[in-house]
Amino acid sequence: MLKRIEKGEANGILAWHPDRLARNSVDGGYLVYLLDSGKLLDLKFPIFWFENTPQGKFVLNIAFDQSKYYIDNLVENIKRGICLKLRKGIWPQWAPSGYLNDHKKKCIAVDPYKAPLMRKLFELYATGNYSFTQLRAIALENGLKGKKDLPLSRPSVQYFLKNPIYYYGLIRYECEVFEGAHEPVISKQLFDKVQAVMEDRSRPKKKKLKEFAFRGLFRCGECGAMITAETQKGHNYTAARRRQNLALNHTCGRKG
């Protein structure tokens, strides 16, 4: 709307109240700037009086400040309510996959359909024979979806497997862990096994060198480099290679 006013398509605004137009200092200040520059000539409200004069803009700024105070205060109240729920062990958001929102008890309850599927994903990954991509395919085949009934992504599967809410009822919220009052889906032993498999897979795998006789035991009498070995066309070759930073890239070798 403000971009169209800047283009000259309109020069006035009809709104219910100033707090419908601006709830932060940037929006409110920009509206006053448009009034000062003449691109915006008038504002009309059914329950608020405004006139494009210095006094009118002063009162308008007060209304904008009141709306900002309302929003800031509302944010603080919401945060306080969330902290209170967490201390009581209540999940403060929409229920994650495997749980349902129980509006009567004001907590989350185990989903009788999705919870067994989530437990199955943990059990399969704990064997060490399945990747995140394979688990995602299994989840999609069984109709397990994420938020807003969207298909699960590979990172979502990894997030589920790392989330402690599925065992012992722990709640992880903004880098803090709280003891939840809901029923866990899996045991702590299964969760720890999944974390161990995930940690082992995240470690870089060292490439195993083929065993050759004399490797690392002798040095070349000509260049002084260590004896190494390689296989080419079915034959083993021992050689001493000089460091690449030397002027001559000398190689002396012998067929083994």
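Among Tyr33, Tyr166, the order by Cβ neighbours within 10 angstrom, fewest to most, reads Tyr33, Tyr166. Note on Ser37 and Asn52: their simple-model spin labels are 1.4 nm apart, each label 7 Å out from Cα toward Cβ. Helix by helix through the chain, keep the DSSP H runs that span 24 Å or more along the axis on Cα and average at least -1.0 on Kyte-Doolittle, and give those back in order. Helices meeting the criterion: 54-87.
Between the alpha-carbon centres of region 66-90 and region 3-19 there is a gap of 32 Å. Residues whose amide H falls under 5 Å from that of Asn236, counting only those 5 or more places apart or on a different chain, are Gly256, with hydrogens built in the peptide plane. Go through [x] 19.0; [y] 18.5; [z] 25.6 and flag the label whose value is the computed Kirkwood radius over Cα pairs in Å for this structure. Answer by label: [z].
Taken together, the values in this text are just the output of simple stated rules run on the coordinates, not laboratory data. Source: prediction; values computed, not measured. Every residue, glycine among them, receives a Cβ derived from its backbone with ideal geometry; neighbour counts consider all protein chains shown.
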